[in-house]
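Structure first, commentary second.
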Amino acid sequence: MIARKKTFDFDVNFKEAMSFYRSFGFCVFRNIYKKNNFEPIFKKIEQITNSQLDNLITSKDFKKKQSIDKKIVFLQKKNDLFRKNLYDVMQGFPETTNLGLNKKIYKVAKFLNIKVPILRTSQIRMDLPKDRRFLIPPHQEVKGIRSPNMIFFISAMRDINNNMGSLNLSPGSFLLNSLMPKTSDKNKYQFVDKKIYKKYPLIFFPLLAGETILLNMNTIHGSRSNISQKIRWSSIVRIEDAQSMPHLIKLDSSFIEKYDLKG
């Protein structure tokens, strides 16, 4: 059976969603976040981009009429490092950290028997139109992970349709457990050989703003090209289990090192 997109309301269908997650290694939630949870972040991004535009243009009309996406694309064309620098700055917003402090995320962690949940990552990702440099081929979320009991959440900050590079996801592939990844000259970021998960086809998962995909760390997933004129905005939260970290007392870092390939 191939699981197509089914969306669960966190406040109404929580246990049903968890049952679905245990069967397929993922589920899609509504109402972990509201659309307006992301607005303070976008306001700060616009404030930053407007400030940078002040140094380049004098037209106030441009700043008023253009979307945040178009402003960022404009500035990126002026300096190819702008995207990287803005990305680094956004990770430091208090509002970015707050996305990882959402109580509903920790309810999921508790339900999935994560004994001592810790926030490993709370970050914002932006994928610019026609920019393939940061695409990640299908992979498991094992690189650099310290706990074999880890879950993560990918949320759409704005609507994400297939043209914008919706998530590629392989339902059921978590049943393969952690696989030895590989790299190549073409793909420096580690990936899973598609022959291994042939019986678990990849499916596109567009998301509406505020929808969240919960993923098992062994569920194979990857980025797709953004061929639209808009930026794909998403947030990523990773939760690890501090009670399940072999390297803390046994000084056993084999799990961390095993899946951390150098491309």
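Among the residues of the range 119-148, write down those that are more than 22 Å from Met90 (Cβ to Cβ) and in contact with a strand residue (DSSP E or B) (Cβ under 9 Å, 6 or more places away or on another chain).
Residues of the range 119-148 more than 22 Å from Met90 (Cβ to Cβ): 137-140, 142, 145-148.
Within the range 119-148, Pro137, Pro138, His139, Gln140, Ile145, Arg146, Ser147, Pro148 qualify.
State which residue is modelled with the lowest pLDDT when the search covers only the range 169-203 and only residues that are within 15 Å of Val142 (Cα to Cα) and not in a loop (DSSP other than H, G, I, E, B).
Ranking the candidates gives Lys182 first.
Need the failing condition index for Gln66 against (1) outside the structural domain of Gln140 (by TED's automatic domain parsing); (2) touching a helix residue (DSSP H, G or I) at 6+ places or on another chain (Cβ under 6 Å), just the number.
Answer for Gln66: the failing condition is (2).
Quick one: which of Asp159, Asp127, Asp193, Asp185 is of a type in the set (Asp, Glu), over 13 Å from the mean Cα position of the chain (by Cα) and within 30 Å of Ser67 (Cα to Cα)?
Details: Asp127 fails: over 13 Å from the mean Cα position of the chain (by Cα); Asp193 fails: within 30 Å of Ser67 (Cα to Cα); Asp185 fails: within 30 Å of Ser67 (Cα to Cα).
One residue alone meets the criteria, Asp159.
Are there helices (runs of 4 or more DSSP H) fully within the range 18-106 with at least 3 residues that are at pLDDT 95 or above? List them.
Working: elements: 39-54, 60-65, 68-78, 82-90, 94-99.
So the answer is 39-54, 82-90, 94-99.
The values are calculated or read from the model by the stated rules, or taken from the named source; none is laboratory data. Quick caveat, the model's predicted, so the values are computed rather than measured. Cβ atoms come from the backbone with ideal geometry, glycine included; neighbour counts cover every protein chain shown.
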